[in-house]
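Read the figures in this text as sums done on the coordinates, not as results from a lab. Here the structure is a predicted model, which means the values were calculated and not measured. Please note: Cβ atoms are built from the backbone with ideal geometry, for glycine as well, and neighbour counts cover all protein chains shown.
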Amino acid sequence: MEEKFLTIGPDDAEFSVLLAHGAGAPMDSASMNALTEALADAGLRVGRFEFDYMAERRRSGRRLPAPRAETLIPEYLAAVREFAASGPVVIGGKSMGGRVASMVADELHATGAIAGLLCLGYPFHPIGKPAQLRTAHLQALKTPTLICQGTRDPFGSLEEVQGYALSMQISLFWLNDGDHDFRPRKAVSGYTLAAHLQGLSSRVSAWISGLPSPH
């Protein structure tokens with residue numbers, strides 16, 4: 001794919017959101033498409049980009065493993081520098097993409113480069129390994145942050161996350177019976193993915209509109 005950024009939503013939106021993909025799926029996966037379309041429908045301009053390993057998968061057809069999240073920090077910082085936006089920018093991503101964004105958020109927020117951080121399904125721990133927490137840097141996070149999470153996400157459920165020590169700058173929005181892609185068990189819960197995505201986009205829009213302007 002020649003274009004570095006895949007952008008959707010109104011060009012004159014007050015805020016732009018820059019999102020990175022998760023470890024195993026590209027920036028135009030069904031889940032990312034649904035999420036970004038919902039956010040764009042809420043009036044946000046949303047850009048997506050791919051880390052080099054995922055772009056190489058697309059070129060070669062070989063399923064290269066995702067590298068360690070911290071090794072992707074330079075690529076995320078480069079994407080923020082290259083992303084064109086006329087107004088304030090919120091960074092984030094799906095799963096691992098949001099985790100990498102959370103690692104660079106304070107550095108960028110301190111300089112006024114971003115207004116906030118949006119994590120869509122944060123991987124609080126590896127599946128089946130609840131003791132291996134990825135929350136140390138979240139305890140002292142200074143950037144205004146919204147984490148949207150399914151209540152039965154195997155990377156961090158409602159029951160688990162309620163017990164974590166997290167920064168007061170972090171707000172959590174829970175999707176009832178949602179999995180890592182916010183998909184509920186319709187036959188069990190009566191919820192639908194479409195309703196969850198609409199609720200998520202409304203919450204994100206309201207949260208972003210309340211962010212202080214970057215200094």
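Of the peptides 160-170, 114-124, 49-59, how do they stack up when ordered by the mean number of other Cβ atoms within 10 Å, highest first?
Final packing ranking: 114-124, 49-59, 160-170.
Using 1/(1 + (r/R0)^6) with R0 = 35 angstrom and r between the beta carbons of Asp11 and Met168, what's the FRET efficiency to the nearest 0.05?
Values: r = 35 Å, r/R0 = 0.99.
With a Förster radius of 35 Å, E is 0.50.
Can you pull out the trypsin sites (Lys or Arg not before Pro) in region 157-211 that DSSP calls coil and that have at most 12 other Cβ atoms within 10 Å?
Values: sites: Arg185, Lys186, Arg203; in loops: Arg185.
Sites meeting the loop and neighbour criteria: Arg185.
Between Ala110 and Ser29, what is the FRET efficiency for a Förster distance of 35 Å, r being their Cβ-Cβ separation, to the nearest 0.05?
0.65
Can you give me the pair-distance distribution of the chain, C-alpha pairs, 10 Å bins, whole percents?
P(r) for the chain, in whole percents per bin: 9, 37, 39, 15, 1.
I'd like the distance between the alpha-carbon centres of region 1-30 and region 52-85, rounded to an integer number of Å.
13
Pull out the extension gain between Ala66 and Lys186, defined as 0.36 nm times the separation in residues minus the alpha carbon to alpha carbon distance; nm, one decimal.
Length gained, Ala66 through Lys186: 40.1 nm.
For Lys129, which lysines qualify as cross-link partners when the Cα separation must be under 21 Å and same-chain residues fewer than eight apart are set aside?
In chain and number order, the partners are Lys94.
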